[in-house]
Each structure stands twice: as structure tokens, then as C-alpha cells.
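Got a structure here, written out as C-alpha cells. Questions coming.
Taken together, the values in this text are just the output of simple stated rules run on the coordinates, not laboratory data. Worth saying up front: this structure is predicted, and the values here are computed from it rather than measured. So basically every Cβ, Gly included, is an ideal-geometry build from the backbone, and we count neighbours across all protein chains shown.
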Amino acid sequence: MKHLSVLLLGAALTFGGISAAFADTSGTFKGLKGYGTKGGVTVTKNADGTHTVTLASNFSMKQAPDPQIGFGNNGKFKAGTNISLLKSNKGEQSFVVPASIDVASFNEVYVYCVKYNVPLGVAKLN
């Protein structure tokens, strides 16, 4: 009976949208290179297994060429993790993360200028 309880608990966690490999995380942007990037960000796991990055309604930054959302670790943007161009330099916006990006292996979300290889803001996820 104990094994059945553990099995049922594991099924409930899986089907309830909670993953042992990834839990929803959030953070607050800190501006880099004078771009004044600020505001909240949340990364959620969707029911279909994909992830969504959502910039909060309080998100803002200075105008910049080619600002994209991407991921990194410990103060370093990881090339090739950029998802999409920002839709606007302020306000709430969401981006679906391609399945090729393993969200669980990163601890930061970046606003990054891919064209000039410049980080514009970073949010440590917790």
C-alpha cells in the first residue's frame, strides 16, 4: 500500500503541472550597460510541457536595437538561447520557449542585444 501511495503522489505531482525538474520561477530585472532595464519576469511550465517567459506589466527599458529574451547562468548570457525580439520596450509580454532550450539548466533570464552582443538586463530566477 505504501508503494501505491508513492505512485499516486508522483502521478498527482506530474499531472498537477509540478515537475521535479522545473518549478515556476520569477525574478526582477537589473539594468546593464546603462539600459535601465527593470521590472518582473516569470518563467512558467505549461501543461503541454513547453515553457513561457512573461515580462510583468512593470517591465521597462530604454530603446535598444535588436533586444531579445534569452537565458544564461551566473552572469553570462548563453548564445543561442534567444527566444524572440521584444514586442515593446515596456509592459507585459509573453514568449513561448522553443523545445530545443532546456529551461531547467539556466538560472537567469536576459534582455540581450544579439546584433551587438550586449547584455541589456538580467533577472536572477528564484
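Output the residue which, of all residues in segment 21-69 that are crowded, with 19+ Cβ neighbours inside 10 Å, aromatic (Phe, Trp, Tyr) and not in a strand (DSSP E or B), is nearest to the chain's Cα centre (by Cα).
Restricting to residues being crowded, with 19+ Cβ neighbours inside 10 Å, aromatic (Phe, Trp, Tyr) and not in a strand (DSSP E or B), the top hit is Phe59.
Out of all the residues in segment 111-120, is one or more aliphatic (A, V, I, L, M) and loosely packed, with under 13 Cβ neighbours inside 10 Å?
No, segment 111-120 contains no residue that is aliphatic (A, V, I, L, M) and loosely packed, with under 13 Cβ neighbours inside 10 Å.
Mind checking which residues of segment 70-89 are over 12 Å from the mean Cα position of the chain (by Cα) and loosely packed, with under 15 Cβ neighbours inside 10 Å?
Passing the criteria: Asn74, Gly75, Lys76, Ala79, Gly80, Leu85, Lys87, Ser88.
If you check Glu108 against the conditions, is it out of contact with any helix residue (DSSP H, G or I) (no Cβ under 8 Å at 6 or more places or on another chain) and either aliphatic (A, V, I, L, M) or loosely packed, with under 15 Cβ neighbours inside 10 Å (or both)?
In short, no.
Continuing with the same structure: Please go through segment 56-98 and pick out each residue that is closer than 15 Å to Thr28 by Cα, among the hydrophobic types (A, V, I, L, M, F, W, C) and touching a residue at least 40 places away in the same chain (Cβ under 8 Å).
Met61, Ile69
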